[in-house]
1. Looking for whichever is among the basic types (Lys, Arg) and within 28 Å of Lys223 (Cβ to Cβ) here; the options are Arg74, Arg45. Which one fits?
2. Being open to solvent by less than 70 Å² (accessible area, probe 1.4 Å) and among the small types (Gly, Ala, Ser) is the filter here; which residues of region 237-253 pass it?
3. Which of the residues spanning region 112-136 are within 14 Å of the chain's Cα centre (by Cα), open to solvent by less than 30 Å² (accessible area, probe 1.4 Å) and of a type in the set (Ser, Thr, Tyr)?
4. Are any residues in region 168-184 touching a residue at least 12 places away in the same chain (Cβ under 8 Å) and either in a helix (DSSP H, G or I) or surrounded by 18 or more Cβ atoms within 10 Å (Cβ to Cβ) (or both), and if so, which ones?
5. From the list Gln114, Gln105, Gln146, Gln98, pick out the single residue that is more than 9 Å from the ligand (Cβ to nearest atom) and modelled with pLDDT of 95 or more.
6. Taking the conditions exactly as written (open to solvent by 30 Å² or more (accessible area, probe 1.4 Å), more than 11 Å from the ligand (Cβ to nearest atom) and either touching a helix residue (DSSP H, G or I) at 6+ places or on another chain (Cβ under 8 Å) or modelled with pLDDT under 95 (or both)), does Leu50 satisfy them or not?
7. Taking region 34-60, which residues are out of contact with any Lys or Arg (no Cβ under 9 Å at 6 or more places or on another chain) and of a type in the set (Asp, Glu)?
Amino acid sequence: MNALPSTTLQQGTALALRSRIARAFGRGAASYDQHAGLQRQVADRLLAMLPEPEPAMQMLDLGCGTGYCSTRLRQLQPAASVLALDLALPMLAVANRQLNAAPAQVQMLCADAQALPLRDSSVDVLVSSLALQWCSDPTAVFAEIQRVLKPGALALVSTLGPASLQEMRAAWAAVDAKRHSNEFLPAWQLQQAAAAVGLQLQLEQEIWVRHYRSLLALAQELKGLGANVVAHAQAEVTTTPAAFKAAAAVFARGLQPDGIPVRWEILCLALRKKPQESPR
Ligand SMILES: C[S@@+](CC[C@H](N)C(=O)[O-])C[C@H]1O[C@@H](n2cnc3c(N)ncnc32)[C@H](O)[C@@H]1O
């Protein structure tokens with residue numbers, strides 16, 4: 001039998017990873033809102049970057065989860081049409097229950113941010129909070145954002161930078177050589193990816209610190225969100241109770257009066273498609 005070409009293997013790995021991510025977030029859908037304190041704060045921070053909206057716009061919430069940003073977009077601009085899109089169907093089911101309890105409807109779409117089933121130049125405002133870091137090909141996401149935005153339109157995207165969860169990675173690194181947490185792209189790589197597809201970018205970068213009682217508390221938060229997949233690993237990362245106990249002991253060395261501090265590097269990107277040049 002002939003060997004598969006490496007691009008086919010890469011595509012196969014990307015597909016397998018994408019379905020693991022969709023399954024994990026699907027499992028987290030019912031408990032997501034209970035654990036989403038940080039996610040709410042990041043979304044609020046991102047939405048504060050929205051300029052005054054214009055009436056009757058088409059808005060897109062990319063990687064909507066349980067629909068927090070979609071709800072806020074509807075409140076900010078009741079006449080707008082909002083499309084809530086996510087890879088995980090159970091997330092959309094929760095979003096649908098919450099959003100469509102309100103009188104104004106929001107459309108739901110189960111799709112991949114890296115291959116949007118949307119027309120070119122059809123979106124006035126795009127918001128995407130903490131979904132980009134789950135996409136194996138951020139350049140593909142930016143290319144899709146560039147394609148679906150109307151000329152001159154704005155996309156607000158939040159994601160995590162490499163300082164995030166370093167304390168957890170350091171604790172595990174003392175125990176084994178496996179990758180127990182995602183690695184996040186640095187801002188400069190996102191800047192390059194945005195420039196490569198022709199999007200203009202303004203970036204805001206902040207380090208937030210949250211305190212946890214233990215490694216178990218942090219792991220339970222990630223699991224409750226559905227965010228307990230290592231997004232670049234070839235397969236599920238397995239661990240033993242003894243290894244977890246050892247990592248928890250290293251993590252606990254950082255204990256302070258408020259708990260164990262963990263950094264989250266929050267990147268908020270304002271991406272703008274260039275306006276159409278008028279014919280001379
Ligand atoms: C951390 S949650 C954020 C949800 C929501 N934006 C919020 O702020 O609460 C990440 C979401 O991105 C979705 N997601 C991950 N990869 C995706 C992809 N390739 N395309 C679309 N959605 C994706 C997940 O299913 C999940 O609902």
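The values are calculated or read from the model by the stated rules, or taken from the named source; none is laboratory data. Worth saying up front: this structure is predicted, and the values here are computed from it rather than measured. Virtual Cβ from ideal backbone geometry, glycine too; neighbours counted across all protein chains shown. In case anyone asks, the SASA skips ligands and DNA or RNA and just uses the protein heavy atoms, side chains included. Shrake-Rupley method; radii C 1.70, N 1.55, O 1.52, S 1.80 Å.
1. None of the others qualify; the one that does is Arg45.
2. Ala243, Ala246, Ala247, Ala248, Ala249, Ala252, listed by residue number.
3. To start, the set of residues in region 112-136 that are within 14 Å of the chain's Cα centre (by Cα) comprises 112-114, 126-136.
Filter again for open to solvent by less than 30 Å² (accessible area, probe 1.4 Å), leaving 112-113, 126-133, 135.
Residues satisfying the conditions are Ser128, Ser129.
4. Kept after step one, since they are touching a residue at least 12 places away in the same chain (Cβ under 8 Å), are these residues of region 168-184: 168-172, 174-176, 178-184.
Passing the criteria: Met168, Arg169, Ala170, Ala171, Trp172, Val175, His180, Ser181, Asn182, Phe184.
5. Only one candidate passes the filter, namely Gln146.
6. Details: open to solvent by 30 Å² or more (accessible area, probe 1.4 Å): yes; more than 11 Å from the ligand (Cβ to nearest atom): yes; either touching a helix residue (DSSP H, G or I) at 6+ places or on another chain (Cβ under 8 Å) or modelled with pLDDT under 95 (or both): yes.
In short, yes.
7. Glu52, Glu54
Conditions (1) without any contact (Cβ under 8 Å) to a residue 60 or more places away in the chain; (2) crowded, with 19+ Cβ neighbours inside 10 Å; (3) within 21 Å of Val229 (Cβ to Cβ), marked per residue:
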site: Ala29; (1), (2), (3): no, yes, yes
site: His35; (1), (2), (3): no, no, yes
site: Leu38; (1), (2), (3): no, no, yes
site: Asp44; (1), (2), (3): yes, no, no
site: Met59; (1), (2), (3): no, yes, no
